[in-house]
Amino acid sequence: MGQFDGKVAIVTGAASGIGRASAQRFAAEGAKVVVADVDATWGAQTVASITEAGGEAIFSSTDVSDPAQVEAMVELAISTYGRLDLAHNNAGIIQEHAPVADLSIEEWNRGIGVMLTGVFLCMKFEIPKILEQGGGAIVNTSSGAGIIGFPGAAPYVSAKHGVIGLTKTAALEYTTKNVRINCICPGTARTRMVDEWIAGSAENEAMVAGLHPIGRIAEPEEIAAAAIWLCSDDASFMCGHALAIDGGYTIQ
Amino acid sequence: MSALAGKVAIVTGAGAGIGRASAVLFAREGAKVVVADMDAAGGAETARLIVDGGGEATFVQVDVAAPAEVRAMVQSTLDTYGRLDVAHNNAGLASGGKPLAEFDDTEWDRVIAVMLSGPYHCMKAQIPAMLDTGGGAIVNTASGAGLVGFPGQAAYVAAKHGLIGLTKVAALDYGARGVRINAICPGTARTPMVDAAVRNDPTLESYLQGLHPIGRIAEPEEIAEAALWLCSGRSSFVLGHALAVDGGYVLA
């Protein structure tokens, strides 16, 4: 028996990392989960891990920067499970690091398209379905880089700052209609995206750990725990908050 | 599974309101609780509520502005329960209603002493006890007024802003040594203090509701849930954060 028994959740970017951990926790707490990602192979593994543990999940092949695909993802939730209560809009990408003047317009558009417009599109199609059955909760993945800057990562930092503003605005618009909307601001977690960034270098790993006053990077499950809490009834007075789960990264 | 099984907790300002809700919730989640307050009747009542509910609690009378009393509170915790794992430094008082130039100096000193120096004294005494057993978690009660200003509330707002700064520094000092320190920033909750004010002035209720985009004020239990989460293992990567539990109060 879980706190999300009878609920249906969408998690984007759920093929790996934070999204996978989040999808697994939603399912473990009783939710039926739409596992959305562009990566079908890894997405199927997330679904398999949930069903093998006795949960229920379905894969949705979704590029969140494409409105038609996002709409189809929400329709899949409704056609498969009949309702939508919860969403964790989490899909993100890792990009080439380059200072602003050297950044291509295509890279800028790609980062903003997935990580800011993607979150907008998800909420745009999710909220009406959540309203249909009386309310629910949404959590968006921003970042420590949604609170402070990071050189060489203009699209990422800009998109993640934007997600916080978007979250606050949507929260104000829908809070009295019983849709609670918040975001999480993770520090670095041990995900596939970060593994790619660290690229097997002990020096890189020590540098990344050193960014966090707690002295280590996070496990994806530690970030997912915050998303789960924000979607639970225990967080019933939380509205539009940017919750930092960053080992102190942004407080220095 | 209980979030605080086997743990020992101190909650200050536990004689009523948020502190009482927090003490009761911590006990329900398995902690042995030291109920600390200046108010002996309220504190004893909170301890009785816990014991009647099958939990374990002891009342300690303390003025958190008095360092010797705070040290005695921690020593009494160690004498009674043998350890200290969790603390919710929550004691506060109502204040204000006058613009700065007319503010009473004695009131300024008292508010800063209780709500800013109080948590300083508490953490100073609590942290060594936690380090002795390998770590712990502390949550300080700041306020929405720790993030934004409020006219006529110079001392309260200054103390609460200061407490967020103090929380960040303490978190940086001890995060890598296993003591996680965070703050909660509640909006208005239905405490005896607020109830009394509303009885005096019935128009106050709708005014207070209007301050919170969520359209209502909080129940103390909703604030206590945030304190519990920050003190539990579920928030293991959250460090130095000012968590707004305010129904959107600081958003707009």
**OP:** Grab the DSSP H runs of the protein assembly as shown that are 4 residues or longer, score each as -39,500 (n - 2.57), total them, divide by all residues and round the 222 nm result to the nearest 500 deg cm²/dmol.
**Re:** -14000 deg cm²/dmol
Subject >> In order through the range B:7-15: 3J(HN,Hα) via Karplus (6.51 cos²θ - 1.76 cosθ + 1.60), integer Hz, x for Gly, Pro >> reply: 8, 10, 10, 10, 10, 9, x, 8, x
**OP:** For a footprinting-style exposure proxy, rank B:L131, B:L163 by other Cβ within 10 Å, fewest first.
**Re:** B:L131, B:L163
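What is the Cα convex hull volume of the range A:8-245 when expressed per residue in Å³?
Taking the convex hull of the Cα positions in the range A:8-245, it is 119 Å³ per residue.
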Original post:
Other chains' Cβ within 10 Å of A:225-237 residues: what's the mean?
Top reply: 5
**OP:** Partner chain Cβ atoms within 10 Å, averaged over the residues of A:177-190 - can you pull that number for me?
**Re:** 1
Original post:
With a 10 Å Cβ neighbour count serving as the proxy for reagent exposure, in which order, fewest first, do B:T46, B:T12, B:T191, A:T51 appear?
Top reply: A:T51, B:T191, B:T46, B:T12
Original post:
When the gyration tensor of the range B:111-239 is built from Cα positions, what are the square roots of 5 times its three eigenvalues, in whole Å, from largest to smallest?
Top reply: 30, 16, 12
**OP:** Could you list, in their original order, any pairs among A:K129/B:K160; A:K168/B:K160; A:K32/B:K32; A:K177/B:K7; A:K160/B:K160 whose Cα atoms are separated by more than 32 Å?
**Re:** A:K129/B:K160; A:K32/B:K32; A:K177/B:K7
Subject >> Furthest towards positive pole of dipole, B:T106, B:N90, A:I198, structure part the protein assembly as shown, Cβ charges >> reply: B:T106
Original post:
By the scheme Lys and Arg +1, Asp and Glu -1, what is the net charge of all other residues having a beta-carbon under 14 Å from that of B:V179?
Top reply: +3
Original post:
How big is the protein assembly as shown by the Kirkwood estimate over distinct Cα pairs, in Å?
Top reply: 23.3
Original post:
Local charge sum around B:A113 (other residues, Cβ-Cβ under 13 Å, Lys/Arg +1, Asp/Glu -1)?
Top reply: -4
Subject >> Cα pair distances in the range A:1-57, grouped into 5 Å bins until the bin that holds the longest one, percent each >> reply: 5, 26, 35, 23, 9, 2, 0
**OP:** Would you work out which of B:G210, A:F26, A:T188 lies farthest towards the positive end of the dipole of the protein assembly as shown? Charges go on Cβ: Lys and Arg +1, Asp and Glu -1.
**Re:** B:G210
Original post:
For the range B:1-134, with equal point scatterers placed on the C-alpha atoms only and solvent neglected, what are the log10 I(q)/I(0) values from the Debye formula at q = 0.13, 0.17, 0.18, 0.20 1/Å, to two decimals?
Top reply: -0.52, -0.82, -0.91, -1.08
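Every number in this text was worked out from the coordinates using simple rules, so none of it is lab data. Remember, it's a predicted structure, so these values are computed and weren't measured experimentally. Cβ: placed from backbone, ideal geometry, glycine included. Neighbour counts: every protein chain shown.
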